[in-house]
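The structure's right below; bear with me while I get my questions together.
Here, each number is a calculation from the coordinates, and none is a lab measurement. This structure is a prediction, so every number in the text was calculated from the model and none was measured. Here the Cβ positions follow ideal geometry from the backbone for every residue, glycine too, while neighbour counts run over all protein chains shown.
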Amino acid sequence: MNNTFLSVFISFCLMVLIPEISSAQKADLKLLLNKGARHVYTITQENQAVEDGKPVEVEHKIILKLDHQVLAQLPNGNYQVEVLFKRFSIAMKLNSKVLRYDSDTVDVSNPLYKTLNFLTDVKLKYEVTPEGVVGKLVGFEPIKKQIEKDPRLGNLLRNFGSERFILELYNYIPKRAVEAGEKWKSSIVLPDINDLKCDVQYSLKEVATKSIKINQDASFQISYDLPDMPAGKMANVTQNGTQSGTLVIDSKTNMRVSSLVTQSVNLLLVSKNDSQAEESVKKLNIVVKTAFELTGK
């Protein structure tokens, strides 16, 4: 009798506890923000390259500091958000030449000062739904005007200087509540890969009291001919690669706390002249690391 009672008791406990454990691992990742909520992020992006198996003495590092503030929660449930560019820093190194700019340091003699000092005046405003869908976005006009004056600036700001940057800021939010181990997809645009559209697969790794961890992975491939080649010459580029990383989300607000995403791209350039008997082949691997860090509230 005692054994029978104990077995029934254990079975009853399992029936009660198992659903609770399962539901505790389920997370609704919709934004939960209040008027006045503020998140200051420091974004760091670093590029490194290897050509034909040999490291190239090229370095490219950008630091962008953003001030993300909730101005209001609207009657429709959306949030009105303002994002300020508080700091922009760039360091470029090609062989022995080094070029640096930092908005925190006023140096009118720096050739990049006149080109980039306007960035800390950029003020973006938009609405975002709890599901992370951005609308009514304004504020990128000053950047677009500067790019029209100096097209080289478009290449320099290709990751942060267009609406795409904000439209994908909350891309990790799924349309439904998810359980640990569950996966979902979101579309992104890769500005470094000719604005290639691809899907990122997210998966819920861990749900804890204060934070939620999400993994992300993507793969891509594209092939195209280079335009405007001289007569009698052709060149084809094939790019393939992967993107992987981890995001940490605040379990109270579902806003990003930190993230690190690594993108590895293999580039194959095949060129040939009409007079050449053999093709010329060059291989290049580019690794881009992008980190978000919450540095203030």
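Rounded to whole Å and sorted largest first, list the principal axis extents of the Cα atoms in the range 30-296.
Between the extreme Cα coordinates on each principal axis of the range 30-296 lie 68, 49, 30 Å.
Further question: Which value does Rg/Rh take for the range 94-164 over its C-alpha atoms, Rh per Kirkwood?
Answer for the range 94-164: 1.06.
Scan around Ser251 for amide H atoms under 5 Å from its own, H built in the peptide plane at 1.01 Å from N, and keep only partners 5 or more places away or cross-chain.
Placed amide hydrogens put Ser211, Ile212 under 5 Å from Ser251.
Could you state, as a whole-number percent, how many of the C-alpha pairs of the range 143-297 are farther apart than 18 Å?
In whole percent, the long-distance tail amounts to 67.
Also, quick follow-up: Determine ³J(HN,Hα), in whole Hz, for all residues of the range 163-171 in sequence, where each value follows from phi through the Karplus function 6.51 cos²θ - 1.76 cosθ + 1.60 and θ = phi - 60°; x replaces Gly and Pro.
4, 3, 4, 7, 4, 9, 5, 10, 5
Another question about this same structure. For the chain, what does -39500 (n - 2.57) per DSSP helix run (n ≥ 4), summed and divided by total residues, give at 222 nm, in deg cm²/dmol to the nearest 500?
Per the formula, -4500 deg cm²/dmol.
May I pose another question? Using the alpha-carbon centroid of each, what span in Å lies between the range 28-90 and the range 189-203?
17 Å
Using Cα-Cα distances under 8 Å and only pairs 6 or more residues apart, what relative contact order does the chain have, in percent?
This gives 18 percent for the chain.
Shifting gears a bit: Suppose a student asked you for the relative contact order of the range 205-286, using Cα pairs under 8 Å spaced at least 6 residues apart; what percent would you report?
About 26 percent, as a whole number.
Taking the 0 to 90 degree range and rounding to the nearest ten, how far is the long axis of helix 2-24 tilted relative to the main principal axis of the chain, both from C-alpha atoms?
Between the helix axis and the principal axis of the chain, the angle is about 30 degrees.
Hey, fewest Cβ within 10 Å first, where do Leu204, Leu268 land in order?
Leu268, Leu204
A further question follows. Taking θ as phi - 60°, what are the ³J(HN,Hα) couplings along the range 89-105 by the Karplus curve (6.51, -1.76, 1.60), each to the nearest whole Hz, with x for Gly and Pro?
9, 9, 10, 10, 9, 10, 6, 9, 8, 10, 10, 10, 8, 9, 5, 6, 10
Computed from the mean reciprocal separation of all distinct C-alpha pairs, what Kirkwood hydrodynamic radius does the range 160-243 have, in Å?
That comes to 15.4 Å for the range 160-243.
I need to check one value: relative contact order of the range 114-219, counting alpha carbon pairs closer than 8 Å and at least 6 residues apart, in percent.
Rounded, it is 16 percent for the range 114-219.
Same structure again: Bin by bin, in steps of 10 Å, what percent of the Cα pairs in the range 252-292 do you find, going until the bin that has the longest distance?
It works out to 22, 27, 20, 15, 10, 5, 1, in whole percents.
Given the peptides 62-72, 125-135, arrange them by the average over their residues of other C-beta atoms within 10 Å, most packed first.
Top of the packing list down: 62-72, 125-135.
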